[in-house]
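Okay, so here's the structure we're looking at.
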Amino acid sequence: QVQLVESGGGLVQPGGSLRLSCAASGSIFNVYSMGWYRQAPGKQRELVAAITRGGNTNYADSVKGRFTISRDNAKNTVYLQMNSLKPEDTAVYYCNTYPRRAEYWGQGTQVTVSS
């Protein structure tokens with residue numbers, strides 16, 4: 001059974017940084033590109049960043065230059081380094097395959113950017 005477990009969220013002041021981690025079970029990392037998604041209150045879930053098995057990346061315009069996605073295939077883990085955080089980055093962050101698959105959503109990790 002494939003399971004994705006996100007961690008690393010928390011409360012941070014504007015301009016601060018956080019690093020999110022997503023540990024995957026199963027063979028998902030050997031097959032799929034991976035993505036980080038987020039959902040703010042009252043908004044639809046959106047793609048933040050994605051990374052292929054070979055390491056090619058793409059980012060939402062709102063996070064370009066501030067966020068960095070990476071993956072460690074040996075550890076079955078994908079990361080999201082978030083710098084220069086803004087209040088509008090506040091959301092629950094999820095990892096999933098890219099494109100996303102409904103059966104792989106985990107619990108997510110809350111990121112709150114506030115002074």
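Evaluated against (1) more than 12 Å from the chain's Cα centre (by Cα); (2) modelled with pLDDT of 95 or more; (3) outside any strand (DSSP E or B), residue 11 falls short on exactly one condition, (3). Among the conditions (1) assigned to a loop (DSSP other than H, G, I, E, B); (2) free of Cβ contacts under 8 Å to residues at least 60 places away in the same chain; (3) of a type outside the set (D, E, K, R), the only one that residue 21 does not satisfy is (1). Residues of the range 54-68 that are open to solvent by 70 Å² or more (accessible area, probe 1.4 Å) and either among the acidic types (Asp, Glu) or at pLDDT below 95 (or both): 54, 61. For first residues located in the range 77-92 and over 13 Å from residue 110 (Cβ atoms), partners that are polar (S, T, N, Q) and not in a helix (DSSP H, G or I) and lie 6+ apart or on another chain with Cβ distances below 6 Å form the pairs 77/21; 79/21; 79/70; 81/68; 83/17. Residue pairs whose Cβ atoms lie under 6 Å apart, sitting 6 or more positions apart in sequence or on different chains, and linking a residue in the range 26-41 that is farther than 20 Å from residue 81 by Cβ to a partner that is of a type in the set (A, V, I, L, M, F, W, C) and not in a strand (DSSP E or B), are 26/2; 28/2.
Table: residues versus (1) charged (D, E, K, R); (2) surrounded by fewer than 21 Cβ atoms within 10 Å (Cβ to Cβ); (3) in contact with a Leu (Cβ under 9 Å, 6 or more places away or on another chain).
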position	(1), (2), (3)
10	no, yes, yes
14	no, yes, yes
47	no, yes, no
52	no, yes, no
70	no, yes, yes
91	no, no, no
97	no, yes, yes
103	yes, yes, no
111	no, no, yes
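Quick check on the range 31-45: of everything there that is of a type outside the set (A, V, I, L, M, F, W, C) and over 18 Å from residue 9 (Cα atoms), which residue is most open to solvent (accessible area, probe 1.4 Å)? Result: 44.
The values are calculated or read from the model by the stated rules, or taken from the named source; none is laboratory data. Note that this is a predicted model, so its numbers are computed, not measured. Every residue, glycine as well, gets a Cβ built from its backbone with ideal geometry; the counts of neighbours run over all protein chains shown. Side chains are part of the model used for accessible areas, which takes the heavy atoms of the whole protein and leaves out ligands, DNA and RNA. Shrake-Rupley method; radii C 1.70, N 1.55, O 1.52, S 1.80 Å.
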